[in-house]
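Report on the structure given below.
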Amino acid sequence: MRTLFGVAVIAAMTVGTAAPAQQAPVKVTIAADGTGPRIDRNIFGQFAENLGTGIYGGVWVGEDSPIPNVRGIRTDVVTALKALKVPSVRWPGGCFADEYHWRDGIGPRAKRAVTVNGSWGNALEKNDFGTDEFFDFIGQIGSEAYLSVNMGSGSVKEAAEWMAYMTADPGTTAGAERAANGHRAPYRVKFLGLGNESWSCGGAYTPDYYVDEMKRYARFARNLNLAQNGTDNPAGGSVAGSDPMQRIAVGPGGPDTAYTEAVMRAWKGHDWAWSIEGLSMHQYTWVAWPPSFASTGFGEREYATLVKDTLKMEDMIRIHSAVMDKYDPEKKVPLVIDEWGVWLAKLPGSRDGFLHQQNSIRDAIIASINLNMFTRHADRVRMTAIAQMVNVLQAMILTDGPKMVLTPTYHLFKMYVPFQDATRLPITFDAGTYRFGDITLPRVDGIAARGRDGKVWLALTNVDPNQPVQIDARIDGIDARAASGTVLTADHVDAINSYDRPDTVVPRPLAARVDRGRIALTLPPKSVAVLSISR
Ligand code: AHR
């Protein structure tokens, strides 16, 4: 019996051996009475950048739009996102964050600056969707704010003033301005990103230069919402906050550990005046830059190649966790994977720089593999943000004018909701192998957890696009009497949901047999199943 970590290695060693036509059942053992780390709900976070139609058209349609909306924010998208219980939304970027000047996006819309989104296709940025609209949006979907401050073309003063606008008491000038714009109470800024990809689009800083700059932002971009954040000056008498903001520094975007080393070394030596509460990492599934894989009309080779590429996430987590462990063995600083997902070629006919792609069963399977990897590293990986929420990259939702469709990745995220804040349970299984040509991959993946509802939850992925997998699961520690759930699958690896056929890839009920504590089920080819087990 071996876990998935071992399997990647074992599978690689067995290249060339023929797969049996009929595979024996995969034995899965779950210690339902065991324990493990909490699977932080923030692992299921999302990213929404002012990019293409991610915000404009996808979230914001304006109050005068014939598309049903609440204060300009489209109702169909809000309703769909609410069901995902999105823990946090990262905004306004991405690369865009480092050219975003928050003052352009507040006050009467008719008077807002019209600018150019230089990062993304030189699109006109009318700034209709600014700070107050963002908070309205996350309030409507019931999520927390993860804002990125502009460390590229902005200043510490600008970042500090933005924080004051959002979090200061209405008795201050900044708070009064916010109140005049419709929101008297301070906003909750739960997460603050200190720059974005500062090694590249965020300013191309050396690690040491970034660290020196970042400390100033960590110090002065203050959250003034006293009830939430408290204060931190021991000489002045610190005040405890109920839920202090977490500052997230820029970290790696590849195997190079220079940023990880520099930021974590600085963190270890920090004094009371500044700190960070997270280190960012970006890791996309794109095989090679620039991304060239199609999001529609592909075959098994492209399927297997992308699945193989996504497993690099495991190496990335291990490489950077090892550096973090050196400086932070107690794992106080989470690794925040705040950009991940499948980045494919743009859809033919879509605008350059808008990163518009379709979303298939392949992408949902890849999402499950990533969420499972995050879960297995839940002690260090406590927050992530898939890129991105609507219409951009591996989106949950696609829109076209009034039309909206939920993608396979949306359904996968919805199936995984019970894992939010669940306790990971020990699980063992022999993953086996799936082969295509010279590509060898683990065939089965899975995680188990005890949900906040007290139930045992199991997620299983069959990577093999051709063969079903029989599962024989033994549940130790509880008297399992019933199991039910759903399965997401499709006839073809490139199956998508379209506006005309929105129900091609949707979860369907899964039949599972329970007999004396054992659960028998069949995972269809290329599928993800999530089931709850009750006693
Ligand atoms: O998600 C798209 C872009 O990818 C982000 O703006 C940037 O941070 C990354 O390079």
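The values are calculated or read from the model by the stated rules, or taken from the named source; none is laboratory data. Just so we're clear, the structure is a prediction, and the values are computed from it rather than from any experiment. Heads up, the Cβs are rebuilt from the backbone with ideal geometry, glycines too, and the neighbour counts pull from every protein chain shown.
Every residue in the range 458-514 that is more than 29 Å from Ala32 (Cβ to Cβ) and small (Gly, Ala, Ser), please.
Matches in the range 458-514: Ala490, Ala495, Ser498.
If we keep just the residues of the range 247-279 that are touching a Pro at 6+ places or on another chain (Cβ under 8 Å) and not aliphatic (A, V, I, L, M), which is farthest from Ala385 (Cα to Cα)?
That would be Trp272.
Filter the range 514-529 down to the residues that are over 21 Å from Pro465 (Cα atoms) and either touching a residue at least 12 places away in the same chain (Cβ under 8 Å) or within 31 Å of the chain's Cα centre (by Cα) (or both) and list them by number.
Across the range 514-529, the qualifying residues are Val514, Gly517, Arg518, Ile519.
Residues in the range 341-349: is at least one in contact (Cβ under 8 Å) with a residue 24 or more places away in the chain, more than 20 Å from Leu81 (Cα to Cα) and part of a helix (DSSP H, G or I)?
no
Of (1) outside any loop (DSSP other than H, G, I, E, B); (2) under 30 Å from Val61 (Cβ atoms); (3) of a type outside the set (A, V, I, L, M), Gln394 satisfies all except one. Which?
Unmet for Gln394, out of (1) outside any loop (DSSP other than H, G, I, E, B); (2) under 30 Å from Val61 (Cβ atoms); (3) of a type outside the set (A, V, I, L, M): (1).
Kindly list, by first and then second residue, each pair from a residue in the range 42-58 that is assigned by TED's automatic domain parsing to the domain that holds Glu339 to a residue that is within 13 Å of the ligand (Cβ to nearest atom) and modelled with pLDDT under 95, limited to pairs with Cβ atoms under 7 Å and residues at least 6 apart or on different chains.
Close Cβ pairs satisfying both conditions: none exist.
Quick one: is Asp453 part of a loop (DSSP other than H, G, I, E, B) and farther than 30 Å from Glu49 by Cα?
yes
Please give the number of the condition Tyr499 fails out of (1) assigned to a strand (DSSP E or B); (2) under 20 Å from Tyr410 (Cβ atoms).
(1)
Could you list all residues from the range 155-192 that are buried (at least 21 other Cβ atoms within 10 Å of the Cβ) and out of contact with any Ser or Thr (no Cβ under 9 Å at 6 or more places or on another chain)?
Ala159, Met163, Thr167, Ala168
Restricting to the range 357-389, name every residue that is in a loop (DSSP other than H, G, I, E, B) and either crowded, with 24+ Cβ neighbours inside 10 Å or not assigned by TED's automatic domain parsing to the domain that holds Ser321 (or both).
Gln357, Asn359, Gln388, Met389
Only one residue in Ala345, Ala385 is under 24 Å from Ala145 (Cβ atoms) and within 16 Å of the ligand (Cβ to nearest atom). Which one?
Checking each option against the conditions leaves just Ala385.
Determine if the range 285-304 includes at least one residue that is within 16 Å of the ligand (Cβ to nearest atom), hydrophobic (A, V, I, L, M, F, W, C), surrounded by 21 or more Cβ atoms within 10 Å (Cβ to Cβ) and more than 30 Å from Ala235 (Cβ to Cβ).
No; the residues of the range 285-304 include none that is within 16 Å of the ligand (Cβ to nearest atom), hydrophobic (A, V, I, L, M, F, W, C), surrounded by 21 or more Cβ atoms within 10 Å (Cβ to Cβ) and more than 30 Å from Ala235 (Cβ to Cβ).
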